[in-house]
1. Go through segment 145-164 and count every residue that is more than 12 Å from residue 220 (Cβ to Cβ) and surrounded by fewer than 14 Cβ atoms within 10 Å (Cβ to Cβ).
2. Select from segment 89-120 the residues that are modelled with pLDDT under 95, assigned to a helix (DSSP H, G or I) and closer than 20 Å to residue 307 by Cβ and write down the one among them that is farthest from the chain's Cα centre (by Cα).
3. Could you please let me know if residue 76 is in a loop (DSSP other than H, G, I, E, B) and in contact with a helix residue (DSSP H, G or I) (Cβ under 8 Å, 6 or more places away or on another chain)?
4. If a residue has to be on the phi < 0 side of the Ramachandran plot and over 18 Å from the mean Cα position of the chain (by Cα) to count, how many in segment 189-217 make the cut?
5. Taking the conditions exactly as written (at pLDDT below 95, within 19 Å of residue 219 (Cα to Cα) and within 20 Å of the chain's Cα centre (by Cα)), does residue 274 satisfy them or not?
6. Report yes if residue 95 is out of contact with any strand residue (DSSP E or B) (no Cβ under 9 Å at 6 or more places or on another chain), farther than 27 Å from residue 267 by Cβ and free of Cβ contacts under 8 Å to residues at least 12 places away in the same chain, otherwise no.
7. Failed condition for residue 164, given (1) within 18 Å of residue 277 (Cβ to Cβ); (2) assigned to a helix (DSSP H, G or I), with all others met?
């Protein structure tokens, strides 16, 4: 939430005073709905790029929080950071993973394919438990890969594990920029060498290198740029015009809709959208993105992401295999995932969030 504007305050001071960016929950809502649409429509869309939007938001927010803490205190309290992340992420993740495990152990398999998927899931369980599924679990390892979406959560956790150390140890703005720039270069170069057939994408070192997420890197660089005075002035000229947020949203929508646009090109425009929504709170999309219903979906989007595949399977069973239009399957799946995530948020996650808030105040 932005505080009231102070007469004479510079735009950068007003930006640094913002404690909660009102539109970013709305962008999270768009992210999870894109992912649900991707799976509900039978993988015929590029809605999976909603994960990239969430990555860009996460990279920007975490970097902003770390840099502001370092600016206030001269360091980053790593223990507090990891305790807060643990309380926010681990309880629900391991609860849902436990539910998947129980279903794989006790739910009768409806077909030989289901039985194979259950066995494969149990074999992959160590990787899900250790947030390394993005390195060891391949989507093409079987006709169905249960809990495969956890690859993105593994990528996030690896980011959380390393990035705070880089910010804490840096003596100037150059340290984080060079670190994240190097990771971005490794990801891009490795991906191109794999695409050209020079390297095999099956080898573990290559899988580790390509698990670096370009949108996270770009979101982090956006956070660094908006934190420091000189780069803030440059970035603001690009992001602050009122037309910037609508143009960025249009660019993202067009890039996702057109299959000929490379995924990396989409990843580049997403930080533009995040930055345009963060630099000024009164952008034209704020009325929708910051509205209470949309922001609420963003608030519970983590829970929706974890249960959306279970919700989709329930919906398909309720439809008894009927060839329902994709939009119907999507609407029912999104509604069920929202309902389950809302119950989880209120009755399961909130006690952990209250503990997290204590550490945040400390």
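1. Going through segment 145-164 one residue at a time, the tally reaches 1.
2. The residue in question is 106.
3. In short, yes.
4. Here is the first cut: in segment 189-217, the residues on the phi < 0 side of the Ramachandran plot are 189-196, 198-217.
Still in the list and also over 18 Å from the mean Cα position of the chain (by Cα): 189-196, 198-209.
Number satisfying all stated conditions: 20.
5. Answer is no for this residue.
6. Working: out of contact with any strand residue (DSSP E or B) (no Cβ under 9 Å at 6 or more places or on another chain): yes; farther than 27 Å from residue 267 by Cβ: yes; free of Cβ contacts under 8 Å to residues at least 12 places away in the same chain: no.
Criteria not met by residue 95.
7. For residue 164, the exception is condition (1).
Listed here are the residues, each with its yes/no results for (1) surrounded by 13 or more Cβ atoms within 10 Å (Cβ to Cβ); (2) outside any helix (DSSP H, G or I).
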position: 265; (1), (2): no, no
position: 269; (1), (2): yes, no
position: 283; (1), (2): yes, yes
position: 305; (1), (2): yes, no
position: 309; (1), (2): yes, no
position: 316; (1), (2): yes, no
position: 339; (1), (2): yes, no
position: 351; (1), (2): no, no
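The values are calculated or read from the model by the stated rules, or taken from the named source; none is laboratory data. None of these values were measured; they are calculated from a predicted model. Note: ideal-geometry Cβ built from the backbone for every residue, glycine included; neighbour counts use all protein chains shown.
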